[in-house]
Amino acid sequence: MQDEELDLVSAVAAFEAKDFTKAKRLLAPLAEAGEAEAQYRLAIIYQVGLGRVRDDESARNYMSAAAGQGHALAQHGLGFMYYQGECVPQDLAEAANWFRRAAEQGLAGSQMILGQMYEQGEGVAKDAEEARRWYARAEEADAT
């Protein structure tokens, strides 16, 4: 287990240093083993095409795997994919579902987007009061 943790630290360091070729090499086995943070970062590499050609299917699969494990940033990322129709067909109801999961974990960006979705009636029933609740939670999260 310690080797996997060290590999993840090294992979994240390579990712943050923008050495995406090295990051991908280090992240791939961890992602395949079910490590949510590795899946999330590998999804970003594939989604944006960092250090390689874009691969929408791999981006979607890894983002979904990490989101399904409760990784808040991956849930936000998957919500964004569905909201924009990037790597998946656009589905605003599914976007709201994933933004809600991340928002419930305290992710201010997801709370704000969810508020906007309720305000506009995108993927959810238009509900000004629910929008205000999510905006207030986002403000609270940003204040901490």
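For Ala17, state whether it is buried (at least 19 other Cβ atoms within 10 Å of the Cβ) and not assigned by TED's automatic domain parsing to the domain that holds Glu140. Before the answer, list the steps.
Numbers: buried (at least 19 other Cβ atoms within 10 Å of the Cβ): no; not assigned by TED's automatic domain parsing to the domain that holds Glu140: yes.
Criteria not met by Ala17.
If you check Gly85, Gly34, Gly77, Gly51, which single one turns out to be touching a Ser or Thr at 6+ places or on another chain (Cβ under 6 Å) and outside the structural domain of Ala138 (by TED's automatic domain parsing)?
Details: Gly85 fails: touching a Ser or Thr at 6+ places or on another chain (Cβ under 6 Å); Gly34 fails: touching a Ser or Thr at 6+ places or on another chain (Cβ under 6 Å); Gly77 fails: touching a Ser or Thr at 6+ places or on another chain (Cβ under 6 Å).
Answer to the selection: Gly51.
Restricting the search to segment 94-123, which residues are over 16 Å from Ser64 (Cα atoms) and surrounded by fewer than 20 Cβ atoms within 10 Å (Cβ to Cβ)?
Initial filter on segment 94-123 (over 16 Å from Ser64 (Cα atoms)): 103-123.
Glu104, Gln105, Gly106, Ala108, Gly109, Met112, Gln116, Glu119, Gln120, Gly121, Glu122, listed by residue number.
Restricting to segment 81-131, what's the tally of residues that are touching a residue at least 12 places away in the same chain (Cβ under 8 Å) and touching an Asp or Glu at 6+ places or on another chain (Cβ under 7 Å)? Break it down into steps so the answer makes sense when it comes.
Kept after step one, since they are touching a residue at least 12 places away in the same chain (Cβ under 8 Å), are these residues of segment 81-131: 81-83, 86-88, 91-103, 105-119, 122-124, 130-131.
Among the residues that remain, those that are also touching an Asp or Glu at 6+ places or on another chain (Cβ under 7 Å) are: 82, 87, 92, 108, 118, 131.
Here the count works out to 6.
Every residue, every condition in (1) surrounded by fewer than 20 Cβ atoms within 10 Å (Cβ to Cβ); (2) more than 24 Å from Gly106 (Cα to Cα), yes or no:
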residue: Val48; (1), (2): yes, yes
residue: Met63; (1), (2): no, no
residue: Gln69; (1), (2): yes, no
residue: Gly79; (1), (2): no, no
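Filter segment 20-44 down to the residues that are surrounded by fewer than 20 Cβ atoms within 10 Å (Cβ to Cβ) and among the polar types (S, T, N, Q) and list them by number.
Of everything in segment 20-44, just one residue is surrounded by fewer than 20 Cβ atoms within 10 Å (Cβ to Cβ) and among the polar types (S, T, N, Q), namely Thr21.
Could you name every one of the helices (runs of 4 or more DSSP H) located completely within segment 49-144 that has at least 2 residues being under 14 Å from Gln39 (Cβ atoms)? Break it down stepwise before answering.
On the way: elements: 56-68, 72-84, 92-104, 108-120, 128-143.
Result: 56-68, 72-84.
The values are calculated or read from the model by the stated rules, or taken from the named source; none is laboratory data. The structure displayed is predicted, hence computed values, not measured ones. Please note: Cβ atoms are built from the backbone with ideal geometry, for glycine as well, and neighbour counts cover all protein chains shown.
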